[in-house]
Amino acid sequence: MTGAPTVRASSVEVHAGRGLEGRIDGHLLRHRHARVRGGLSAMPLPAVEAEAASDAVSGESWVYLGDESGLLAAFRLTDPLRPEAGQCVAGLAALGLPSEIVSGDEAGRVARIAQRCGIDRQSARLAPQDKLERLKALQRDGAVVVAVGDGINDAPLLRGADVAIAMGRGSALAQTSADLILVRDSLDDLPHTVELARRTQRVIRQNLAWSIGYNLAALPLAALGFVPPWLAAIGMSLSSVVVVLNAMRLSRGSPPQRRPGWPANPQAEAA
């Protein structure tokens, strides 16, 4: 039994935040988001439109396929919330880091996700450039912004962020625009990453303080002849050993403990 023939599109154009279009066997096809059905309105589907309006509130979204003559098909899409999302947001809040959603999805879906995750600030129906403008506004107010994304439309936002984090199963463009990639593809790693970064910063400061303090105390004594050269060499080596051992605490340390206010069961909180 032979398989179905492979169909390839040509002249494919991606319109960020709107959809894409291309030609198959010379026939132009357009793929559009519900809110930008430009060029696909020649075949109205009242029942679909009414259902799409309802789904915009319930959290699902619609995309449309059409050609030069009008609408051909409508697809209802669902994108379930990650089960660890509420726990991640609570963990970041416990570390003093507020969260904000900037999304291209419909307002109803974004509001529902924000409520379930305990996020106060959210923006919906944003094009990629609108997301970047929101980030720049936060930066102008003095905020240091960490952006997390996984889609092609998140690439401008990730490139503009002070720290950009992409998901392990995200798009290649999002990953190449990021500073960090969550290999486990789990939001649980975000609070742990912040705590590890802060612990690393503390160790660096401790090592710098020790090195500067030791050299300020030992070098003048060695230069004035109060300490023999062989003893000064041993002391310098021991100082380096102390620095290395202090840094090794980062690899031996256990994962950060759950903070107060960090729920163990995000689904229970969402309910």
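Brief remarks follow.
- Taking Cα centre as origin and charging only the Cβ of basic (Lys, Arg, +1) and acidic (Asp, Glu, -1) residues, the dipole magnitude of region 84-153 rounds to 120 debye.
- Measuring between their Cα centroids, region 74-88 and region 144-183 lie 18 Å from each other.
- Packing-based order for 126-134, 180-188, using average beta carbon neighbours within 10 Å, highest first: 126-134, 180-188
- All other residues whose Cβ lies under 12 angstrom from that of His27 are scored, Lys and Arg at +1 and Asp and Glu at -1, for a net of -2.
Laboratory data are not the source of any read-out in this text; all were calculated from the coordinates shown. All of these numbers come straight from a predicted model, not from anything done at the bench. Please note: Cβ atoms are built from the backbone with ideal geometry, for glycine as well, and neighbour counts cover all protein chains shown.
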